[in-house]
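Rule-based calculations on the coordinates, nothing more; no lab input. The structure displayed is predicted, hence computed values, not measured ones. FYI the Cβ positions are ideal-geometry reconstructions off the backbone, even for glycines, and counts take in every protein chain you see.
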Amino acid sequence: MALAAALKADECQIYTDVDGVYTTDPRIVPEARRLHTVTFEEMLEMASLGSKVLQIRSVEFAGKYKVKLRVLSSLDDPESSAPGTLITFEEEDTMEQAIISGIAFNRDEAKISVMGVPDKPGIAYAILGPIAAANIDVDMIVQNIGASGHTDFSFTVNRTEYAKALAVLAEERGKTFAAREIIGDNRICKVSVVGIGMRSHVGIASKLFKTLADEGINMQMISTSEIKVSVVIDEKYLELAVRVLHRAFELDKEPV
C-alpha cells in the first residue's frame, strides 16, 4: 500500500483468499452479497468492528493518500475472476446508493461492570486509568444514570484481556475507587450495521432494535457513530442476529 502511494498508482490491487468484501460473512449468511464498491469510511468501520478482509492500517493508509483499493481473489484465474470490491471515496458518482453496506461482528468481546460506584466527577478515570496503564484497550463504555449518589459503570475489552482487566480492578478497588461489586461476562459478542446512508436516513437504529426484539434478543449495550450502530448481545445469539438483520435490511438485494 505504501509503495502504491509512493508511485502515485491509480489503484492498488490486494489479492487475498476471498473475491471481495461481502455484506457479511457468507459462512453465516449464504445469501451475503459481494459489494462492487464501498467507501474508505465504511471499510474502516467494518475492519475495526470485526471484518477480517483487510487490515485497518492498510485502509487508513489508502484513505490518507487517496489511493483506491481493490480486493481480489488470489485463488481465481485473473482473466476470468470477478472484478472484486473497489474501496473508494464517498463522492464517487457511481457509488451504490445503499443505506446499509454491511453487518460486522466480533466474537472476541467481554464485558465488565463495576457496580455501585460513587456518582461523582473523576470516577470514569479512577476505573479506566488503571486499565489503560495496564495496556488494556477498552471498546464500548456505558455509565448508568446515578441514583442515591451511586451509579454502575460498564465497559468491554477483548476477551483475551478479560482476566487481566478483572485482576487490575480487583487490585484497585478500595484504593482508587469504591464499588459494591465487580462482575463480568466473557460470553458476549458485538454486532454492528455499517453504512454511509445512515447520515441521511432516519430509523436505522429503531429498525435494528425492533428486529432483535422480535427474535427475543436482549441488547446489553449500545454504541453509535455517524455511520454505524453497534450492540452487545449474548454470544449464543450471534448467528441468529446477523441473519435476521441481513434479511431486515435486505442486504441480499442489489441497491437501486
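All of Glu215, Glu181, Glu171, Glu250 fail the test of being of a type in the set (Asp, Glu), on the phi > 0 side of the Ramachandran plot and surrounded by fewer than 16 Cβ atoms within 10 Å (Cβ to Cβ), apart from Glu250. Criterion applied to Asn186, Asn135, Asn144 was being free of Cβ contacts under 8 Å to residues at least 12 places away in the same chain and surrounded by 12 or more Cβ atoms within 10 Å (Cβ to Cβ), and the one residue passing it is Asn144.
For the range 98-125, give me each residue that is more than 30 Å from Met198 (Cβ to Cβ) and surrounded by fewer than 19 Cβ atoms within 10 Å (Cβ to Cβ). Matches in the range 98-125: Met115, Gly116, Pro118, Asp119, Lys120, Pro121, Gly122, Tyr125. For the range 168-176, indicate whether the set of residues that are under 18 Å from Val232 (Cβ atoms) and of a type outside the set (Lys, Arg) is non-empty. Looking through the range 168-176, none of the residues is under 18 Å from Val232 (Cβ atoms) and of a type outside the set (Lys, Arg). When each of Ala248, Ala213, Ala205, Ala178 is tested for being out of contact with any Cys (no Cβ under 7 Å at 6 or more places or on another chain) and either without any contact (Cβ under 8 Å) to a residue 24 or more places away in the chain or among the aromatic types (Phe, Trp, Tyr) (or both), the lone residue that passes is Ala213. Among the residues of the range 147-160, which ones are surrounded by fewer than 19 Cβ atoms within 10 Å (Cβ to Cβ) and of a type outside the set (Ser, Thr, Tyr)? Answer for the range 147-160, where residues must be surrounded by fewer than 19 Cβ atoms within 10 Å (Cβ to Cβ) and of a type outside the set (Ser, Thr, Tyr): Ala147, Gly149, His150, Asn158, Arg159. Taking helices (runs of 4 or more DSSP H) as the structural unit, those lying wholly within the range 123-240 and holding at least 1 residues that are under 15 Å from Ser113 (Cα atoms) correspond to 123-133, 162-172. Those helices (runs of 4 or more DSSP H) of the range 1-74 in which at least 1 residues are within 18 Å of the chain's Cα centre (by Cα), considering only elements entirely within it, cover 40-48, 56-64.
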